[in-house]
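Visitor: Provided herewith is a single structure, encoded as structure tokens, for subsequent inquiry.
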Amino acid sequence: MRVLNYLELAERLDRSGIGTAADQQRAALATTDVSVVTSPWRGESPVGTAAAALRGRGAFRDYDVAHCNMIGPGTVAVARHAARTDTPLVLHAHVTAEDFAESFRGSTYLAGPLGRYLRWFYSQADLVLCPSAYTKRILEAYPIDAPIQPITNGVDTASLAGFEDLREEYRERFDLDGLVVFSVGNVFERKGLTTFCRLAEETEYEFAWFGPYDSGPQASETVRRWTKNPPANVTFTGWVDDKRGAFAAGDVYCFPTKAENQGIAVLEAMACGKPVVLRDIPVFEEFYTHGHDCLKCETRAEFREALDRLADDPDLRERLGANAKETAAEHSLERVGEKLVDTYERVLDEEVTND
């Protein structure tokens, strides 16, 4: 079986969760017998594709299933080609209107029109994949006229191997000491930026957010305000070349996000055996259990209490971290690869249902 695994604008999304998810799909498929191509175009570029078309070879490569991870014009072209050639089309719903809000400047205002576009866009698919049952319910409410199947993004434990050896280097690089409360990923208000900073103001722990943030006109006012004038005990590191250093330097992973489709960095923190504190939102109900592999909080006071408990109780940190590591193992890329192959076989056999 030959599968197209396509990420439009891949070079611009390499620092995003969508980019990580696509990379992990390809790593998962590498554990199977499936042959993967990552570009639909014969020429690898618009110029090369046009040249191939002029030579009568056609613009598109040959593949048995098209699996696309973005929502732009290149993916629309792949979808139309799939319809013309009767090629099964799988669209991966990494983007919803709900998780687009509170990301960039003006994103909240665009969320409504985006939702209407996504209803049309995802309805072109023979099957829509999404990271969680929560996301499936969101898409069903649009509604989407296509079967929808949840499948975990998984966690690439191989990419985290040896993280422990980087602890001293990264703590020294960012001048971190004592118990470090941390987060990893793009700095957005949707991901709980204000709560993260208010918690820092109300406690004496070190806080570090490892990940890029916008400072130009596209940045939200909230992101600019906090990153330009952070509390004294908050460090915004910007992009780090080796994510292992972030998970090495931090002690308690704190993620007060307001909306997620899954949250790959949470699984990465768990795979590293870190105790995790999460906002109690619906998507996390299907993956994690309060008091077993994480602590869940609704209010800032509850977050503060959870951090204090973990700071005062090394045994609790160790127990939660060990259980979290077991939870992350359930999301291995080998399992993701098996599920993807099963999905492709079902769309080829036209046996997909909305179960």
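The values are calculated or read from the model by the stated rules, or taken from the named source; none is laboratory data. Values in this document were obtained by computation on a predicted structure and should not be read as measured data. Don't worry about glycine lacking a Cβ; one is built from the backbone with ideal geometry, like all the others, and counts go over all protein chains shown. SASA here: full protein model, heavy atoms, side chains in, ligands and nucleic acids out. Shrake-Rupley method; radii C 1.70, N 1.55, O 1.52, S 1.80 Å.
Visitor: How large is the direction-averaged shadow of the alpha-carbon convex hull of the stretch 158-330, in nm²?
Guide: Average projection, Cα convex hull of the stretch 158-330: 9.4 nm².
Visitor: Let me ask you something else. How much mean residue ellipticity at 222 nm does the chain get from its helices, if each DSSP H run of length 4 or more adds -39500 (n - 2.57) and you divide by all residues, to the nearest 500 deg cm²/dmol?
Guide: For the chain, the value works out to -12500 deg cm²/dmol.
Visitor: Also, I was wondering about something else. Could you tell me the center-to-center distance, by alpha carbons, between the stretch 126-174 and the stretch 58-96 in angstrom?
Guide: 21
Visitor: Tell me which of H290, A311, Y344 sits at the most positive position along the dipole axis of the stretch 281-355, charges placed on C-beta atoms (Lys, Arg +1; Asp, Glu -1).
Guide: My answer, from the dipole projection, is A311.
Visitor: Within the stretch 142-160, find all residues whose amide N lies under 12 Å from a label point positioned 7 Å from the Cα of D342 along Cα-to-beta-carbon.
Guide: So the set is 150-152.
Visitor: Using +1 on the beta carbon of Lys and Arg, -1 on that of Asp and Glu, and nothing else charged, what's the dipole of the stretch 138-289 about the Cα centre, debye to 20? Please list the in-between numbers first.
Guide: Values: 14 positive and 25 negative charges, 77 e Å.
About 380 debye.
Visitor: For the chain, which whole percent of the accessible surface, found with a 1.4 angstrom probe, sits on carbon and sulfur atoms?
Guide: Carbon with sulfur: 47 percent of the solvent-accessible area.
Visitor: Using unit Cβ charges (K, R positive; D, E negative) and no other charged atoms, how large, in debye to the nearest 20, is the dipole of the chain about its Cα centre?
Guide: On the way: 39 positive and 57 negative charges, 305 e Å.
That gives the chain a dipole magnitude of about 1460 debye.
Visitor: Provide the per-residue ³J(HN,Hα) series for the stretch 5-12, in order, calculated from phi with Karplus coefficients 6.51, -1.76, 1.60 and θ = phi - 60°, each as a whole number of Hz, with x at glycine and proline positions.
Guide: 3J(HN,Hα) across the stretch 5-12, in whole Hz: 10, 10, 10, 4, 6, 4, 5, 8.
Visitor: What number do you get for the stretch 251-326 when its Cα radius of gyration is normalised by 2.2 N^0.38 Å, N = residues? Could the numbers behind the result be given before it?
Guide: Working: Rg = 11.1 Å, N = 76, 2.2 N^0.38 = 11.4 Å.
Dividing the Cα Rg of the stretch 251-326 by 2.2 N^0.38 Å gives 0.98.
Visitor: While we're on this one: Tell me, what is the per residue accessible area of the chain in Å², probe radius 1.4 Å?
Guide: Dividing the accessible area of the chain by its residue count gives 44 Å².
Visitor: Same structure, new question: For G273, what residues show an amide H to amide H distance below 5 Å, using hydrogens built from the backbone and excluding near sequence neighbours?
Guide: K325
Visitor: Taking a quarter of the surface of the Cα convex hull of the stretch 107-224, what do you get in nm²?
Guide: If you wrap the Cα atoms of the stretch 107-224 in a convex hull and average its projections, you get 10.6 nm².
Visitor: Now a separate question. With every protein chain present, what accessible area does D349 have (1.4 Å probe, heavy atoms only), rounded to the nearest 10 Å²?
Guide: Spelled out: D349, probe radius 1.4 Å, area about 90 Å².
Visitor: Let me ask you something else. Looking at the chain as a GNM with Cα springs under 10 Å, which of A146, A259, A232 has the largest mean-square fluctuation?
Guide: Of A146, A259, A232, the most mobile in the Gaussian network model is A232.
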